[in-house]
Every structure is written in C-alpha cells, then in structure tokens.
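Any read-out appearing in this document is the output of simple, stated calculations on the displayed coordinates, not a laboratory observation. Note that the structure is a prediction, hence the values are computed from the model and not measured. Glycine gets a Cβ as well: all are built from the backbone with ideal geometry, and neighbour counts include every protein chain shown.
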Amino acid sequence: MQSSLDTEKAISSGSISGSDSVGFLIGQRVHFVGDTRRIGTVKYVGAVEGYGGIWVGVGWDNGDGKHDGSHNGVRYFEAQGPKSASFVRPHNLSSGFPLLKALELRYHGESTKEEEDEMYVLSASNKRVTIELLGKDKIQNKLSQFEELTSASLAYLGVSSAGPPGHINTTIPRLKELDLTGNLLSDWKEIAAICKELPALVTLNLSYNSMSHDISGMPLLNHIKVVVLSHTGIGWKQVEMLKDSIPLIEELHLMGNKLRGITPLSSDIVHGFDSLRLLNLENNLIAAWDEILKLSQLKRLEQLFLNNNCISHIWYPDHNPLSEPPNSLELLRESFRPFQNLRCLLVGGNKIEDFSSIDTLNLFPNLLKAF
C-alpha cells in the first residue's frame, strides 16, 4: 500500500497537479501541492498590492502560515491566528479529486517487501485476496480486484467528491469500512452520494474534515452503524439534524469539536438514537454535568466517554443534594431510569476533586466501569 510519502512524490511529479486557472471559491477546501497534510480553506482570491497576478489567500488548519490575512498594512481577510494564513499562487494549490482517484493512488505505487506482504484484502468469504499494483500500465487491470475490498483507508489523499454517479458502486460494491480522515470533504451532499453508492458500508470515518453545518436534505442511510466525526467542527445541533438519516447508528465519535453543551432541537432531553450504544465526547469543552444529563434517556447507551472535558461535579438525577436539574420533571415522567443501561463511564482528565462525585457513581443502576 502506498505511503503518504509516495503520495507526495506523485503530487510533486505531476500525477496530481494544482489548478491551472484560478478556479477557487471562497470557503473551498484545498491542500498544498506536494503536501496533502497541509490543508486549509480559501479565504481570498484576487490581487495583492505590490505583486502581479492573482493570489489565493489560505487559512491553514495547522496554523502554519506567514500572516493573519493582512499584508503591508492592507487587510484582505480574517485568519484565526497571527501567522495562520498565507498567499499562494493558484498552481501551487489542489482542490482535490474524486474518491476513486484516491483509491487508485493508494494502491498503484511501488511498494516495499513489507508492504507487499500486507497488500491483501479480505473477500466476502473471509479469504485473503492478494493485491499487486505495480505501476500505471497495470492499474486498470488490477482495479478489477477492488470488488473484493471490504475495508479502505484513504486518509490525507485529497478526496473532495464522490465523483460520477455509479462509479463507486461498480468498483468497490462490498466495502464495509471507509476511512476518509483528513481529506477535503465539507459538503454533506458528497458524503450522502458516497454512502448511497456503498450499500454494505457500516463504518465511516470523517475525522479532520471541516464539515459544513448545513445538513439539510440528507437521505436515509440505515446501513451505517459507526460514524466518526472527530475534529470536524460540527456542533450538537448538526448531530440532531443528522440523526434521522442514520437511525441505526450504534457508535458516534465526536472528539475535539469544542462542544460546550448538548442542545436538543425540541426537548430538554435528547431523544432518538434508539440503537446508540457508544457515545464519545472526549476532548471537548463541556463543563456542566447538566449537559450530560440530557443524554440520560438514551435507552441503549452503554458506553459514554467524557475524558478531557471541564466537568467538576457529577451527580445522579434522583440524588442531588444541592439542587434539582432543570429537566427533573421530564425525567421523573419517564418510566425509564436515567442512564439505565450505562455500563462504562470515562471521566479522566476533568476537574473532578470532590468525593461526592465519586460516591455518586454507585447510584448508576448498571455501571460496571468508571474512571
């Protein structure tokens, strides 16, 4: 399988090039040609005083830039940090390419002996099917073997779209797990198009893609069971909008999204998610336990990961000596006990120092593991 270094060589050698014309739009996701991990968002397209030609102003995700969107006293756009942005010539930027192009790139490069030993996929009957993709002249013949592929990792390969309708389904129809970490995806319509063409898909990882907050018009995707949306910038409102499209989801990972609270759309308590067993909210900014109580009626929730938030106190709804939760009446009206099936609660790296919070853990009816 091709390494990220091989990918960068392919980009640098011209296998993947930047835009020949300007062609960039404000808000578009791009990466630097030759470095698929240097990803940013287009903030400006136009002239820069004192320099000829057209420039593209980019705000870089990793903050590796030269300025804050201003140059020689002229403000062109706002950047997140003092040196998180830069101006780049259009030919040095790539707006990405369809998913199947990334799949081809992932498998077509020369490999080491160690990589060749690992270059296989599991067929539907769980048999090893060797993949040997050694050069452009053989790629079209070897692509036919992708029909056996059940798992694919296309992390940091510049994927920005689903591509022409029907192509994904005819190439990788049995794919069950797809890792799209760190690509140029942002439009949920492209995610929907990818998922609709993969009827066997169960697990989808979109971490480190800057996803749009507009999730309207998403189709029903009842084959998806595990979704990873860590470091995508979405809030709980977007999660609520998404839940009707993935009604059978069992695992949801939302790490590193700077979440401060849980905001249900039509109630004080989160409803739906009838199949959700694991919810990962680690590395966010949640401080109030009241926010976590909004999850207490998720009837199948077994694992709740809250490591590295800002929580200082834990209490069980029926046993709070200090105050009553704002949603206590609604909780009491429910016949289902709060956190009825919760078996694992992870709260490490928070600000909990009182013993009463530790004692409270004994009140959760089925809690087996907590730390």
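Can you tell me which of 146-152, 28-34, 365-371 comes out highest on packing, and rank the rest after it, using the mean Cβ neighbours within 10 Å?
On the way: 146-152: 18.7, 28-34: 22.1, 365-371: 12.6.
Listed from highest to lowest mean packing, they are 28-34, 146-152, 365-371.
Filter the trypsin sites (Lys or Arg not before Pro) in region 187-264 to those in DSSP coil with at most 12 other Cβ atoms within 10 Å of their Cβ, and list the result.
Working: sites: Lys189, Lys196, Lys225, Lys237, Lys243, Lys258, Arg260; in loops: Lys225, Lys243, Lys258, Arg260.
Answer by residue number: Lys258.
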